[in-house]
Amino acid sequence: MLWTLLFGLVAALIRTAIAADAIYRDPDTGLVFTSNFRLYKADGRGITFRVAIPDDAQQNSAYDAVVQMVVPNDVGWAGLAWGGTMTNNPLLVCWRGTSNNVVLSSRWATGHAFPQVYSGAQYTLFKTGTKSNSTHWQFTALCKGCTSWTASGSTRYLSPKGGNRLAFAYSPTKPSNPNSPSSSFSVHEVHDYWQHDFAQAANANFASTVSKLVV
Ligand code: HEM
Ligand SMILES: *[C@@H]1O[C@H](CO)[C@@H](O)[C@H](O)[C@H]1NC(C)=O
C-alpha cells in the first residue's frame, strides 16, 4: 500500500520533471530561453542546453535560433544534435580553444562515424552571454540553418510551437587541434535525448535583440 503510494508519487514527480522545461530569462542577453540540464556523469555533472527563437516563427519554415550552453570545465567536447539523432541533421560541436576561447563547429554525420564540417548551418558567437569562471564556461550564439535541413531529399522543420527531440553527446577528451573548428575529435562517452520545448522559447523583438548582440 505504502509502496504503491510512493511509486505513484515518484512517477508523478518524474512526469513533472520531464514535462516542464525551465524558462530562463537571461540577464545578459535579455532573451528568454527554455532550458534543459542533461547529466553526463552520475555524480551530478551535466550540461545546460538553452534555446531562444522568434515569436513569429512559423510551422514548416526555417527560422533563426539562439543557442546557449553552460558546460563544466572538465568537458573535452560537447555536441548538440538539432534533429535528436546523430545522423543526417545539423550537429553543433563545441569546446574550448587554447586561450579559453569557445570554438563552435558545425558538423553533419551520415553514419555513426566522425562527422564532417557542415556549411548548411552557421553559428555566430555573441560576446554578451559568452563567459567562463573556475567551474564552467558558457556561450551564446545565433544559428542560421539549425531549425530546418534536407536529408535524402526530404526537408525537416523543427516545430516553433511545441517540443522537439534534441540529443547531446559528451566526451572528456579535447579535440586534437583545439583552435580549429575543423579539428578531429574522438568518439563520445555519453549520449542522451530529451524533448525540448520551443513554444515557451518564443521572443518578441527577437531580430532586434539579436542584431544588437551580433556586433
Ligand atoms: C568522432 C566522432 C563520433 C563518432 C566516431 C561517433 C560514433 C558513434 C557510434 C559508433 C554510435 C553508436 C553507438 C551505439 O549504437 O551504441 C553513436 C551514437 C550516437 N552519437 Fe555519435 N559519434 C561521433 C560524434 C557525435 C557527435 C558530434 C554527436 C552530436 C550530438 C553524436 C551524437 C550521437 C547520438 C545522439 C548517438 C545515439 C544514436 C543516434 O541517435 O544516432 N555523435 N556515435
Ligand atoms: C560560473 O559560470 C557559470 C556559467 O556562466 C554559471 O552558471 C555559474 O553560476 C558560475 N558559478 C559561479 C560560482 O559564479
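The values are calculated or read from the model by the stated rules, or taken from the named source; none is laboratory data. Owing to the predicted nature of the structure, the values given are computational and were not obtained by experimental measurement. Heads up, the Cβs are rebuilt from the backbone with ideal geometry, glycines too, and the neighbour counts pull from every protein chain shown. Accessible surface is based on the protein model in full, side chains and every heavy atom, while ligands, DNA and RNA are left aside. Shrake-Rupley method; radii C 1.70, N 1.55, O 1.52, S 1.80 Å.
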(Q) Condition first: touching a Gly at 6+ places or on another chain (Cβ under 7 Å) and within 15 Å of ligand 1 (Cβ to nearest atom). Now tell me which residues in the stretch 40-84 satisfy that. (A) Y40
**Q.** Out of Y193, Y157, sole residue that is farther than 15 Å from L92 by Cα, open to solvent by 70 Å² or more (accessible area, probe 1.4 Å) and among the aromatic types (F, W, Y)
**A.** Y157
Q) Quick one: Y63 ticks every box in (1) within 16 Å of ligand 2 (Cβ to nearest atom); (2) surrounded by 18 or more Cβ atoms within 10 Å (Cβ to Cβ) bar one, so which box is it? A) (1)
(Q) Checking the structure you have, find out if any residue of the stretch 120-138 is hydroxyl-bearing (S, T, Y) and within 16 Å of ligand 1 (Cβ to nearest atom). (A) yes
Q: Collect the residues in the stretch 120-147 that are more than 19 Å from V32 (Cα to Cα), out of contact with any Pro (no Cβ under 8 Å at 6 or more places or on another chain) and surrounded by fewer than 19 Cβ atoms within 10 Å (Cβ to Cβ), keeping them in residue-number order.
A: Q122, S132, N133, S134
Q) Does any residue in the stretch 150-164 that is of a type in the set (A, V, I, L, M) come within less than 6 Å, Cβ to Cβ, of a residue that is in a strand (DSSP E or B) six or more places away or on a different chain, and which pairs are these? A) L158/N164
Q: Determine which member of the set V102, V117 is loosely packed, with under 13 Cβ neighbours inside 10 Å and either within 12 Å of ligand 1 (Cβ to nearest atom) or among the hydrophobic types (A, V, I, L, M, F, W, C) (or both).
A: V117
Q.
Condition first: under 14 Å from Q68 (Cβ atoms), within 16 Å of ligand 2 (Cβ to nearest atom) and touching a Leu at 6+ places or on another chain (Cβ under 8 Å). Can you find one or more residues in the stretch 140-157 that meet it?
A. yes
(Q) On the basis of being in contact (Cβ under 8 Å) with a residue 40 or more places away in the chain and either under 22 Å from L213 (Cα atoms) or not charged (D, E, K, R) (or both), does G120 make the cut? (A) no
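Here's the yes/no breakdown for (1) in contact with a helix residue (DSSP H, G or I) (Cβ under 7 Å, 6 or more places away or on another chain); (2) within 16 Å of ligand 2 (Cβ to nearest atom); (3) farther than 18 Å from P178 by Cα:
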residue	(1), (2), (3)
N73	no, yes, no
L91	no, no, no
C94	no, yes, no
V102	no, yes, no
T110	no, no, yes
A113	no, no, yes
V117	no, no, no
